[in-house]
Amino acid sequence: MRDILVTLIILGSLPYIFKRPYIGVLMWVWVSVMNPHTQGWGFASTFPFAAIVAGVTMVSLLFTREPKNLPYTSVTGVFLAFVLWMNVTTVFAFHPEIVYDQWNKVMKIMLMTVVTLMLIKSKRHIQLLVAVVVISLSYYGIKGGIFTISGGGEHRVWGPEGTFIGGNNEIALALIMTIPLLHYLQMIVRNKWVHYGLIATMLLCAIAALGSHSRGALLAITAMGAFLWLKSRRKVSLGLLMMLVIPPLLAFMPEHWTERMDTINNYEEDASVQGRFNAWWMAFNLAKDRPLIGGGFEVATRELFNLYAPNVMDLPRAAHSIYFQALGEHGFVGAGLYLLLGLLTWRTGTWIIRNTKNLEEYKWASNLATMIQVCLIGFATGGAFLSLLYFDVPYYLMAAMVATRMLIEKELKEKASSVIIEKSKGAQPQFGNLSPSQSQRIARDSG
């Protein structure tokens, strides 16, 4: 039944994608993030839904009359440079005979991210994109939260097998990133039942993240919570809410969960942590030997560990860190581009927040930029311990941030121009709830 339902939804969307290619982006995000076909047990589990959606979207993109220019900003420039550099390192990879599958997978994600940047333009598009990401991940949050509660937290929560978020650590980080986006949707919905439903979903996502027994997730949610508190205008009420919610959640988890979390303080004695350190040093030593191009995709091999790992007796393993993964696979140039991409995405959010301050009609944009920044804090912290360099959700959030800035910048310029024209006619213009002097400042900053 699930196979039939997923098939009907995806195939039924194709005519709409031909008419409105941005719907293809939304369907692609749903299929690639949620992987709904993996929830079936029949033919749909291996059916190439993503390829079909992507193909129809690309055809629709060619013929649509809707705006489809790629926004050129510092973020998109660095993003394209990073994608180009990954192709360069692939050419010079240590093991070119085994990198194709990973290269093919990553390039599909990057191509569809470019398509997302080209087609997501309006406020409605942006909010639908965020909603699809939230729905895709919240499914596992609700499912995992109920599983954790019913089992008393004894068993680990896992993600869909064979996906980026299949592991317990990976699904935990994805769910942690979902919580700020749920909070954003909570701020913009008007239906009180949907509002309460989003609150319940946030709670279940948090419980599911704890139920994953992931130590990195605990660090990520701590860092994210601290940043959210710092950014909040209601620090007292938010602080009280955290004190009321967090202790009961932690007390609910079983004793062996607490013992596992306590190993964070004794990492020197933890074999898993020491194995990750060994993989990090291996990636660093490889990058030192090949500082420009690194080793390319698929460097977690016995041969390379024998050459570059401090402990050659340890089993070859992935970098378990977005930073060392970028360093080992794409060298210092690739790692630098990746870090710069994150920094510029953050600064884009800061620009949105600064330029929409006190503008009620753009409160949605300010709130969205803030919540995406909270997501980035969680990803930057939890990603330090996971090989999620190519996880697609952060790239879609980057696209949402760029689209929001382009939209706000365009509208502010138009309004600032009208203010200047009115003033030249001797009128006393008002820009939203700002004074004429503030309107002139916005005109200057956005133009």
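A simple spin-label model places pseudo-atoms 7 Å from Cα toward Cβ; at ARG233 and ARG124 they are separated by 2.8 nm. Exposure proxy shown here: for ASP314, ASP392, ASP289, the number of other Cβ atoms within 10 Å sets the order, fewest to most, as ASP289, ASP314, ASP392. Fraction of C-alpha pairs exceeding 36 angstrom in the chain: 32 percent, rounded to a whole number. Modelled spin labels at TYR196 and ILE146, positioned 7 Å past Cα toward Cβ, are 1.8 nm from each other. Principal-axis analysis of the Cα atoms of the chain puts helix 74-91 at an angle of about 30° to the longest axis. Listed from fewest to most Cβ neighbours within 10 Å, the set LYS410, LYS192 follows the order LYS192, LYS410.
Shape of the range 1-66 from the C-alpha gyration tensor: prolate (a/c of 1.5 or more and a/b above b/c, with a ≥ b ≥ c the square roots of its eigenvalues).
Any chance you could run the full-extension gain for ALA81 through THR258? It's 0.36 nm times the residue separation minus the Cα-Cα distance, nm to one decimal. Walk me through the numbers on the way to the answer.
Working: separation 177, 0.36 × 177 = 63.72 nm, distance 4.35 nm.
Gain on stretching ALA81 to THR258: 59.4 nm.
Counting only alpha carbon atoms, the long axis of helix 392-424 and the longest principal axis of the chain meet at about 20°. By the count of neighbouring beta-carbon atoms within 10 Å, fewest first, GLU414, GLU255, GLU170 end up ordered GLU255, GLU414, GLU170. The trypsin sites (Lys or Arg not before Pro) of the range 27-111 that DSSP puts in a loop, and whose beta carbon has at most 16 other beta carbons within 10 Å, are ARG65, LYS68. Within the range 124-269, the ratio Rg/Rh, alpha carbon atoms throughout and Rh by Kirkwood, equals 0.97.
Label reach from MET58 (point 7 Å along Cα→C-beta): in the range 85-121, amide nitrogens under 13 Å belong to 104-105, 107-115. Sparse packing (at most 16 other Cβ atoms within 10 Å of the Cβ) combined with a DSSP loop state is found for the following trypsin sites (Lys or Arg not before Pro) in the range 197-256: ARG233, ARG234. Between PHE43 and HIS155, the FRET efficiency from the beta-carbon distance, with R0 = 25 Å, is close to 0.25.
Measuring r between the beta carbons of GLU97 and ILE9 and using R0 = 30 Å, the FRET efficiency lands at 0.20.
Values in this text are rule-based calculations from the coordinates and carry no lab data. Keep in mind that this is a model prediction, so the values were computed, not measured. Methodologically, a virtual Cβ is constructed for each residue, glycine included, from the backbone with ideal geometry; neighbour enumeration extends over all protein chains shown.
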